[in-house]
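Have a look at the structure below, then the notes.
The values are calculated or read from the model by the stated rules, or taken from the named source; none is laboratory data. All figures in this text were calculated on a predicted structure; none of them were measured in a lab. Just so you know, the surface numbers come from the protein's heavy atoms only, side chains and all, with ligands and any DNA or RNA stripped out. Shrake-Rupley method; radii C 1.70, N 1.55, O 1.52, S 1.80 Å.
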Amino acid sequence: MTTFKKVTMFLFLSICLSSSWANNTHDDFLECLRHKFRNSNSVSQGIYTPKNSSYSTIFNSFADKLPITFNFKRIKPSIIFTPSDESQIQAAIHCSKKHDLQIRIRSGGHDYGGLSYISETPFVVIDLRNLRSISIDIKDKTAWIQAGATLGEVYYRIAEKSKKLAFAAGVCPTVGVGGHFSGGGYSMMSRKFGIAADNIIDAKLIDANGRIHDRKSMGEDLFWAIRGGGGTSFGLIISWKVRLLDIPEKVTVFNVERTLEQNATQLVYKWQHIADRVDNNLSIRLFLRSSQSPIRLGQRTIHAFFTTLFVGGVDELLHKMQKSFPELGLVKKDCIEMSWIESVIFFARLPSGTPIEVLLNWNTTANQNGLIFKGKSDYVQHPISINGLEGLWKLLNQVGENSAEIQFSPHGGKMNDVSVSETPFPHRAGNIYMIHYGVFWGKMESSKKHLSWIRKLYGYMARYVSKSPRAAYFNYRDLDLGLNSKETNTSYAQARIWGVKYFKNNFDRLVKVKTKFDPTNFFRNEQSIPPLLFGV
């Protein structure tokens with residue numbers, strides 16, 4: 001037999017044996033799970049394999065866009081398990097450890113890297129869609145929220161109980177609570193109240209041994225780590241207890257559009273000088289897109305949308321805008337007073353008049369159009385020059401019309417008042433705003449072109465954003481920043497490449513917490529915190 005034939009035969013046998021091992025492992029896992037709950041029909045009803053007719057529906061639900069950030073072959077889970085209570089999760093952890101089967105945890109589908117539901121190695125998904133209860137205590141101004149709930153459900157249930165209480169978290173109502181809170185949770189009210197993680201006061205978590213902890217039993221180190229450090233590195237978070245926030249019965253919103261022909265470049269430049277310094281009740285967010293010019297037919301222009309929430313009335317807002325940003329030319333007819341829950345509909349870009357009950361439909365914005373997506377992020381500490389902005393406009397015009405969007409999200413206010421080490425989320429004082437870059441396309445064969453464009457854009461922006469490290473927001477996960485080893489024993493040095501970009505100096509403390517509470521690295525993915533035991 002020739003050397004070539006020997007190698008071919010070896011590879012063929014390896015693939016067959018690997019596939020057989022994986023199938024046996026999954027069968028053993030299922031048998032273990034069923035054995036733990038012999039008298040429970042709910043376990044069997046919550047197990048989905050590719051043989052089930054509803055497997056694809058379960059797998060594809062929640063997902064808003066298909067992430068394209070993997071540099072390796074993506075594998076779907078062989079098993080999706082949708083537990084209905086804590087004991088079933090404990091059983092799944094026990095069985096996965098017993099049969100050496102990796103788990104992924106999904107509380108929603110807005111995972112930029114898809115790490116909660118796709119992988120390179122065989123795995124099972126624990127999908128928390130059935131753990132979505134929300135218990136609100138108006139008297140104490142607190143709420144217990146299970147990790148499978150969506151932000152829209154949380155907002156609706158709060159508003160159902162009180163017109164004067166709210167919670168500060170993301171604008172997209174279909175985002176799952178579990179991942180969003182554990183990664184930080186920036187919002188339109190972060191300048192007023194901080195990020196979501198700043199307002200978490202307790203949590204319930206299942207560790208790698210299947211034990212359930214609250215804040216007291218897990219200790220302050222682990223409680224610190226899961227509030228911005230990504231919960232799935234340390235355990236499976238069942239629920240969060242949050243502090244509800246006092247708001248007036250009416251807030252004011254506006255969405256004012258300006259093009260280059262309407263002085264958008266100068267307005268964006270001025271915005272950078274005031275966005276983090278205006279009244280804490282005021283958050284002016286910028287959305288930038290390229291599309292047809294309304295004036296120069298056949299040519300494209302940049303559209304800048306100044307999208308704003310003011311925690312207060314319209315007259316007070318107009319006064320503050322006239323004082324800090326008169327160049328925008330805001331007038332009363334641009335503004336709308338509404339309840340906070342109505343503002344949730346407004347910022348979700350749902351049509352005017354949409355009933356708030358739509359927030360209970362967690363699949364409102366499912367990826368029905370099959371869009372593919374790539375996102376990245378940056379932090380800006382010094383205003384970008386006029387020349388720098390004009391270079392950005394040129395790059396935006398190079399991609400398909402309305403196929404890319406750049407967001408500038410202001411910092412300052414309450415975010416500056418919190419120490420960089422108070423939570424793992426380190427992006428506090430010194431940052432003017434955060435940038436989110438996103439590009440969308442429809443056909444897989446166009447992926448190379450669009451990925452090349454956004455990486456070119458990211459390279460261009462390097463001179464204008466934070467350095468040493470060039471920081472990024474963990475909830476806008478970007479696998480371009482670095483990946484862990486495929487094996488269990490990812491080193492500290494390898495993980496630090498991407499880790500300091502998300503967490504800066506807090507990364508080292510996260511590693512220490514991981515080493516203490518999950519030394520065998522049971523909870524892991526391509527961008528999870530590693531324990532030190534696997535080397536430096």
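A few notes on this one:
- Backbone phi angles across the stretch 341-355, fed through the Karplus curve with coefficients 6.51, -1.76 and 1.60 (θ = phi - 60°), yield HN-Hα couplings of 5, 5, 5, 4, 4, 4, 6, 7, 6, 8, x, 4, x, 4, x Hz in residue order; Gly and Pro are listed as x.
- Descending principal axes extents, the stretch 112-186, alpha-carbon based, whole Å: 47, 23, 17
- Theoretical gain in end-to-end length, His273 to Lys467 [0.36 nm per residue, Cα-Cα removed]: 67.9 nm
- Principal axis analysis of the Cα atoms in the stretch 416-536 yields extents of 43, 40, 21 Å, listed in decreasing size.
- Entry comment: accessible area of the chain is 42 Å² per residue, from protein heavy atoms only and a probe of 1.4 Å.
- Rg(Cα)/(2.2 N^0.38 Å) for the chain, N = residue count: 0.99
- Percent accessible area from carbon and sulfur atoms, the chain, protein chains only, probe 1.4 Å: 51 percent
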